[in-house]
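The values are calculated or read from the model by the stated rules, or taken from the named source; none is laboratory data. Remember, predicted model here, so these are calculated numbers, not experimental data. Here the Cβ positions follow ideal geometry from the backbone for every residue, glycine too, while neighbour counts run over all protein chains shown.
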Amino acid sequence: MANYNKPDFWTLKARKEGYPARSVYKLRELDEKFGLLPKGGSGGASPPFRVLELGAAPGSWSLYVLRTLRERGFLAAADLAPLSRRYDGGLFDRDNFFFIQGDITGADTRDALLNRGPYRLLLSDAAPATTGSRQIDTLRSLELAETALDYAGAVLAQGGNMVVKVFQGGDTAFLLKRIREFFKTGKSFKPMVCRRESFETYYVGLDKK
Ligand SMILES: C[S@@+](CC[C@H](N)C(=O)[O-])C[C@H]1O[C@@H](n2cnc3c(N)ncnc32)[C@H](O)[C@@H]1O
């Protein structure tokens, strides 16, 4: 049985490379596979590439986005928990980053995030605190995924893309159906870095209708 308390290879690698959590490698793999973030070029006079991130703490995905986009991007992020300031080197203080500590299902957080849109990319790694009951956990995870889809409907630009985490076991077929209503392409993808034992996976919506 896996020992979840002991930092594993990926956790240690993440810290060494300046990220608070191993989850950064999941986003990196998703980005490499689906080309989520624009790379290279100064961006010229084009407007910043705006990203919305739900469930951002401790902040590995945020740092990956900010380090990839640099001054060409803007990121708005939210989480119930605060971000770790250990590895950001001041990136979280810049003007192209906005963070709100709050519940993504609540009106205040929603308003703050919607006001800063529209976005070209929506990332949701939000996950409920696990209870030990797989049934409850998958249900709560699906509710968070539905919330993310609701944000996509409200504030993701046409042609925009979305990634959302979900625990497997619930009605994920329905979730995929909903994603395909919003996006021209909808698929599931489980990054290699997810623990073999983990029951989480990601759904990707490409090219919002
Ligand atoms: C797996 S962690 C995210 C890790 C993050 N992607 C990173 O790379 O550092 C899941 C996060 O979802 C957040 N979360 C769960 N429910 C939430 C809610 N209703 N509103 C805001 N954040 C929530 C949790 O607080 C937790 O920090």
Note on segment 164-209: residues touching a helix residue (DSSP H, G or I) at 6+ places or on another chain (Cβ under 7 Å), among the charged types (D, E, K, R) and surrounded by 15 or more Cβ atoms within 10 Å (Cβ to Cβ) are R178, K208
Out of all the residues in segment 152-173, is one or more of a type in the set (D, E, K, R), within 16 Å of the ligand (Cβ to nearest atom) and over 18 Å from R50 (Cα atoms)?
yes
- request: Scan segment 143-154 and give yes if some residue there is on the phi > 0 side of the Ramachandran plot and in contact with a strand residue (DSSP E or B) (Cβ under 9 Å, 6 or more places away or on another chain), otherwise no.
  value: no
Residues of segment 125-176 being of a type in the set (K, R) and modelled with pLDDT of 95 or more, in sequence order, are R140, K165
S60 meets each of (1) farther than 23 Å from K16 by Cβ; (2) buried (at least 19 other Cβ atoms within 10 Å of the Cβ); (3) within 12 Å of the ligand (Cβ to nearest atom); (4) hydroxyl-bearing (S, T, Y) with one exception, condition (1)
Only one of A21, A78 is in contact with a helix residue (DSSP H, G or I) (Cβ under 7 Å, 6 or more places away or on another chain), within 23 Å of V204 (Cβ to Cβ) and not in a loop (DSSP other than H, G, I, E, B), namely A78
Within segment 87-116, residues being within 11 Å of the ligand (Cβ to nearest atom), closer than 16 Å to V155 by Cα and of a type in the set (D, E, K, R) number 1
Over segment 147-163, the set of residues surrounded by 15 or more Cβ atoms within 10 Å (Cβ to Cβ) and either assigned to a helix (DSSP H, G or I) or basic (K, R) (or both) is T147, A148, L149, Y151, A152, V155
Taking the criterion of being farther than 25 Å from F34 by Cβ and outside any helix (DSSP H, G or I), would at least one residue in segment 133-146 satisfy it? yes
Right, R120: buried (at least 19 other Cβ atoms within 10 Å of the Cβ) and among the basic types (K, R) or not? yes
Screening F9, F92 for residues that are more than 23 Å from K190 (Cα to Cα) and of a type outside the set (S, T, Y) leaves only F92
Note on R50: of the conditions (1) in a loop (DSSP other than H, G, I, E, B); (2) more than 16 Å from the ligand (Cβ to nearest atom); (3) within 22 Å of P118 (Cβ to Cβ), unmet is (1)
